[in-house]
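To start, the structure itself, in structure tokens.
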Amino acid sequence: MIVTHLDPERLLATPHTEFGGSSPGTKESFRLQFLVNDPRGVVCWEAFDAGRATEWAFWHDEFHVCMSGAANVEFTLPPNHQEVLHAEIRQGDAVLIVAGTRARFDIPGSEPYVHVSLFQPRYDYAKYLLKHDYSELDKRP
């Protein structure tokens, strides 16, 4: 058993991490902590900033559980992404995001969309493709 703790104050004090965006040449930035990073599964703790949109392309199945804040989401589904769909995610909601989904999370108001992201098994890339080493568990203070 691997146990971790969801500490919102610590997450919101974490600096932003920058990623390649959902479209070539774009960037995304949000707060992120890998709380469990094991070959059998990953627990990420994430916060998307209030008052802006975060766009993401999901290349694996992923669960989000909204712990605070909200998100208005526009998304398309694979394989052809022909229809734009809409969902509202609020505190206490759990969402299964299907691999291949492209989404824009619009975060209303002044509170970030704080969510835990879960996926199994952990995805693996060859080390030469990684910019950062996420192999160690995030340590509790």
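The values are calculated or read from the model by the stated rules, or taken from the named source; none is laboratory data. Predicted model, so just to flag it, every value in this text is computed and none were measured. Note that each Cβ is placed from the backbone with ideal geometry, even for glycine, and that neighbours are counted across all protein chains shown. Each accessible area value is taken on the protein alone, full model and side chains, heavy atoms only, with ligands, DNA and RNA left out. Shrake-Rupley method; radii C 1.70, N 1.55, O 1.52, S 1.80 Å.
Estimated at 0.36 nm per residue, the fully extended path between Thr4 and Asn80 surpasses their Cα-Cα distance by 23.6 nm. Applying 1/(1 + (r/R0)^6) with R0 = 41 Å to the Cβ-Cβ distance of Asn72 and Ala13 gives a FRET efficiency near 0.95. I want to make sure I understand the PRE zone here: with the label point 7 angstrom from the Cα of Asp93 toward its beta carbon, which residues in segment 44-79 have backbone N atoms less than 15 Å away? It comes to 48, 54, 63-76, nothing else. The GNM of the chain, with springs linking C-alpha atoms under 10 angstrom apart, assigns the highest mean-square fluctuation among Ser110, Ser22, Ser68 to Ser110.
Rounded to two decimal places and with Rh computed the Kirkwood way over Cα pairs, what is Rg over Rh for the chain?
On the way: Rg = 14.8 Å, Rh = 15.8 Å.
Here Rg/Rh amounts to 0.94.
Each of the peptides 75-86, 54-65 was scored by the mean count of other Cβ atoms within 10 Å over its residues; in descending order, highest first, they stand as 54-65, 75-86. Heavy-atom surface analysis with a 1.4 Å probe gives the chain a carbon and sulfur content of 53 percent of its accessible area. Legend: Rg and Dmax of segment 40-93, from Cα coordinates, 12.5, 35 Å.
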